[in-house]
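To keep things clear, I will list the structure first and then write my remarks on it.
The values are calculated or read from the model by the stated rules, or taken from the named source; none is laboratory data. Keep in mind it's a predicted model, so treat the numbers as computed, not measured. Neighbour counts are summed over all protein chains in view; Cβ atoms, including those assigned to glycine, are modelled from backbone coordinates with ideal geometry. Please note that ligands, DNA and RNA were not included when accessible areas were found on the heavy atoms of the full protein model with its side chains. Shrake-Rupley method; radii C 1.70, N 1.55, O 1.52, S 1.80 Å.
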Amino acid sequence: LSRFPVFAAVDIPEVWRYDSRRVSIHRLDKDAGSYRETAESVALPGVTGEVLLCFVEAGITEKRNEWLRNVRAWAQEATRG
């Protein structure tokens, strides 16, 4: 059952969806009242589905503190450019 209509009804601007193979980013089109897949997050510029997938996969094998350090390092590097 799709939760997107519920998310749209409460005006959630962006939804990330993980299906064990990829992460997709969906942005709310307020005029249509539905979501459209997009390449990059509006909430976090520079974050793509590929980046999110790397973080999800790393979170499976890395310890939490190591994972957080790596995410923070990525974010710092991404905001410098």
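Laid out as a table, the results:
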quantity	calculated
Count - residues of segment 48-81 that are under 13 Å from Val15 (Cα atoms) and outside any helix (DSSP H, G or I)	1
Among (1) more than 14 Å from Trp16 (Cβ to Cβ); (2) under 17 Å from the mean Cα position of the chain (by Cα); (3) of a type outside the set (Val, Ile, Thr) - the single one Glu37 does not satisfy	(1)
Positions within segment 1-47 being charged (D, E, K, R), touching a strand residue (DSSP E or B) at 6+ places or on another chain (Cβ under 9 Å) and in a loop (DSSP other than H, G, I, E, B), in sequence order	Arg3, Asp11
Every residue from segment 67-81 that is over 22 Å from Tyr18 (Cα atoms) and exposed (fewer than 12 other Cβ atoms within 10 Å of the Cβ)	Ala73, Gln76, Glu77, Thr79, Arg80, Gly81
Options Ser20, Ser2, Ser34, Ser41: the member that is open to solvent by 80 Å² or more (accessible area, probe 1.4 Å) and either at positive phi or not aliphatic (A, V, I, L, M) (or both)	Ser20
